[in-house]
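The values are calculated or read from the model by the stated rules, or taken from the named source; none is laboratory data. Note that the coordinates shown come from a computational prediction; the quantities given were computed from them, not determined experimentally. Cβ placement follows ideal geometry from the backbone for every residue including glycine, while neighbour counts extend to all protein chains displayed. Note: areas computed on protein heavy atoms with side chains; ligands, DNA, RNA excluded. Shrake-Rupley method; radii C 1.70, N 1.55, O 1.52, S 1.80 Å.
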Amino acid sequence: MVPKDPIMLLSYVNTQLRDHYPSFLELCRSLDLDLEAVSSKLADIQYYYSEEKNQFISG
C-alpha cells in the first residue's frame, strides 16, 4: 500500500526509486500508480522529480 501522507509518500517513493526502479515512470507502471497524482501530491510539498538523480528533490 502506498502512503497517502505526502511526507511518507516522499520517503516511500524515493526509497523505491533508489532500491528498485530506474525511473519514476517505471515505478508508476510497476505499482499501477497515477504518475500525475503522485507528482502533484509531492509538488504540494515542493518536491519535484529529478531524472538526473532519479529521486524527488526539494525545489
How many residues does the stretch 15-46 hold that are within 10 Å of the chain's Cα centre (by Cα), under 15 Å from G59 (Cα atoms) and not in a helix (DSSP H, G or I)? 0
From the list Y49, Y12, which residue is in contact with a helix residue (DSSP H, G or I) (Cβ under 7 Å, 6 or more places away or on another chain) and either hydroxyl-bearing (S, T, Y) or assigned to a helix (DSSP H, G or I) (or both)? Y49
Subset of the stretch 22-38 [free of Cβ contacts under 8 Å to residues at least 24 places away in the same chain and buried (at least 17 other Cβ atoms within 10 Å of the Cβ)]: L27, C28
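Can you tell me which residues in the stretch 1-21 are open to solvent by 90 Å² or more (accessible area, probe 1.4 Å), touching a residue at least 24 places away in the same chain (Cβ under 8 Å) and among the aliphatic types (A, V, I, L, M)?
The first filter runs over the stretch 1-21 and keeps only residues open to solvent by 90 Å² or more (accessible area, probe 1.4 Å), leaving 1, 4, 7-8, 18, 20.
Okay, now just the ones that are also touching a residue at least 24 places away in the same chain (Cβ under 8 Å), so 7, 18.
Of everything in the stretch 1-21, just one residue is open to solvent by 90 Å² or more (accessible area, probe 1.4 Å), touching a residue at least 24 places away in the same chain (Cβ under 8 Å) and among the aliphatic types (A, V, I, L, M), namely I7.
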Answer yes or no: is there a residue in the stretch 44-59 that is at pLDDT below 95 and over 16 Å from M1 (Cα atoms). yes
